Amino acid sequence: MAHNVTLIPGDGIGPEVADAAARALDATGVKINWERVELNADVIQKKGEVLPNEVMDSLNRTHTGLKGPVTTPVAGGFPSVNVALRKRLDLFANVRPVRSLPGVKTRFEDLKLDMVIFRENTEDLYSGLEHEVVKDVVTSLKVITRVASMRIAHYAFNYAKATNRRKVSAVHKANIMKLADGLFLRCCREVAAQHPEIRYEELIVDNASMQLVMRPETFDILLLPNLYGDIISDLCAGLVGGLGIVPGANMGESHAVFEAVHGSAPDIAGKGVANPTALMLSGVMMLIHLKEMEAAARLRDAIEAVYATHVTTTRDVGGAAGTKEFTDAVIAAMK
Ligand code: ATP
């Protein structure tokens, strides 16, 4: 059976890594009908809306997307497309597995890291509710609800149970934001109590950051509200070799959109040097979601085989290959 998938190349390095990931996914032999839709600053300005109808229509047909990054203007301009998409499709769980890859030079290469970040994806300081009260005085609303906190906590614990994980660490700043982070924490505790077989701990976000750098191997599953999840994701990416290799999935009740943790990386866009591993591994997560387990394992093994030999890896992880050479090597390594 063929799968219908919306391919959103995005902008910056997006089109380069999206083409590479689509090639690698096609090489698994799984039949995918790609519906390619453009979503970038030009399209948004031309259409006058952040999420044009073509994009939404396609995702509402396929319910599954593979997405490159879309640049978000800083301190002004149109709102974040990535955030808008997560909210519109109610993709409430952002799941980011952070795993060491063989042969990647990092400050922690003697450790085999394997943790999964569960980031709430729809609220918190990403509410976009900002207001200039009077000139030079701005408020920004942090929204935390029981509904959203409970469902991300359930999602994380259910995943922990299904995959035999041993520990969930909830990350917060409830000593300062007693009401907002306090509510998030109460929800995590409530769900933790339903899973006595899984160890549960709570860490204040500043301490969590230090512990992650000093003892990353002690972490298993991280459960965080939106903003801490964003920041800690990049920190964790740094532990295993950078943004080029960490995948992600945005999961909702009816839709799933797979995208890397990294942004559009304008500094290297168009140069053919971007590392497509993160989006390829997001593609592995997509294959698992589509119940193509054997193909998912083959693509993951091929990526790991290329890293193990370290001959054709990209510059960000210490190699010298370009996006295309790396992709060719992954396809050649597929059994
Ligand atoms: P955003 O705010 O849009 O998420 P960001 O601030 O996280 O973006 P990125 O665009 O992800 O920033 O890039 C951060 C750094 O990581 C840049 O130096 C970039 O070149 C590098 N980088 C990101 N993704 C990749 C990749 N796939 N391959 C190689 N380098 C990458």
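Overview of values
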| item | result |
| --- | --- |
| Single residue of K161, K167, K178 found to be of a type in the set (K, R) and in contact with a strand residue (DSSP E or B) (Cβ under 9 Å, 6 or more places away or on another chain) | K167 |
| Output for the stretch 267-279, where each listed residue is within 7 Å of the ligand (Cβ to nearest atom) and open to solvent by 30 Å² or more (accessible area, probe 1.4 Å) | D267, I268 |
| Residue satisfying all of: in the stretch 1-34; β-branched (V, I, T) and out of contact with any Lys or Arg (no Cβ under 9 Å at 6 or more places or on another chain); farthest from L51 (Cα to Cα) among these | V30 |
| Within the stretch 304-326, considering residues that are without any contact (Cβ under 8 Å) to a residue 60 or more places away in the chain and under 20 Å from P97 (Cα atoms), the one nearest to the ligand (Cβ to nearest atom) | V306 |
| Enumeration of residues in the stretch 57-100 that are in a loop (DSSP other than H, G, I, E, B) and surrounded by fewer than 19 Cβ atoms within 10 Å (Cβ to Cβ) | H63, T72, P73, V74, A75, G76, G77, F78, P79, S80, D90 |
| Top-ranked residue in the stretch 40-56 [being open to solvent by 40 Å² or more (accessible area, probe 1.4 Å) and of a type in the set (S, T, N, Q); ranked as nearest to the ligand (Cβ to nearest atom)] | Q45 |
| Pair list, Cβ under 7 Å, 6 or more apart: the stretch 284-301 residue at pLDDT 95 or above, other residue crowded, with 17+ Cβ neighbours inside 10 Å and among the basic types (K, R) | V284/R300 |
| Helices (runs of 4 or more DSSP H) lying entirely in the stretch 163-240 (those with 3 or more residues that are over 22 Å from L113 (Cα atoms) and at pLDDT 95 or above) | 180-193 |
| Any chance D110 is at negative phi, part of a helix (DSSP H, G or I) and either touching a Lys or Arg at 6+ places or on another chain (Cβ under 8 Å) or surrounded by fewer than 16 Cβ atoms within 10 Å (Cβ to Cβ) (or both) | no |
| Subset of the stretch 259-299 (residues that are within 11 Å of the chain's Cα centre (by Cα) and not hydroxyl-bearing (S, T, Y)) | E259, A260, V261, H262, G263, A278, L279, L281, M285 |
| Meets criteria (closer than 19 Å to L299 by Cβ and either within 14 Å of the ligand (Cβ to nearest atom) or surrounded by fewer than 16 Cβ atoms within 10 Å (Cβ to Cβ) (or both)) for D11 | no |
| Any chance S100 is farther than 28 Å from F184 by Cβ, in contact (Cβ under 8 Å) with a residue 60 or more places away in the chain and away from the ligand (no atom under 16 Å from the Cβ) | yes |
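Each row is one residue, and each column tells you yes or no for (1) within 13 Å of the chain's Cα centre (by Cα); (2) within 16 Å of the ligand (Cβ to nearest atom); (3) without any contact (Cβ under 8 Å) to a residue 60 or more places away in the chain; (4) farther than 19 Å from A148 by Cα.
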{"site": "I204", "(1), (2), (3), (4)": "no, no, yes, yes"}
{"site": "N207", "(1), (2), (3), (4)": "no, no, yes, yes"}
{"site": "Q211", "(1), (2), (3), (4)": "no, no, yes, yes"}
{"site": "D220", "(1), (2), (3), (4)": "no, no, no, yes"}
{"site": "N226", "(1), (2), (3), (4)": "yes, yes, no, no"}
{"site": "D234", "(1), (2), (3), (4)": "yes, yes, yes, yes"}
{"site": "G244", "(1), (2), (3), (4)": "yes, yes, no, yes"}
{"site": "V257", "(1), (2), (3), (4)": "yes, yes, no, no"}
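The values are calculated or read from the model by the stated rules, or taken from the named source; none is laboratory data. None of these values were measured; they are calculated from a predicted model. Note: ideal-geometry Cβ built from the backbone for every residue, glycine included; neighbour counts use all protein chains shown. The protein model used for the area step is the full one, side chains on, heavy atoms only, and it has no ligands, DNA or RNA in it. Shrake-Rupley method; radii C 1.70, N 1.55, O 1.52, S 1.80 Å.
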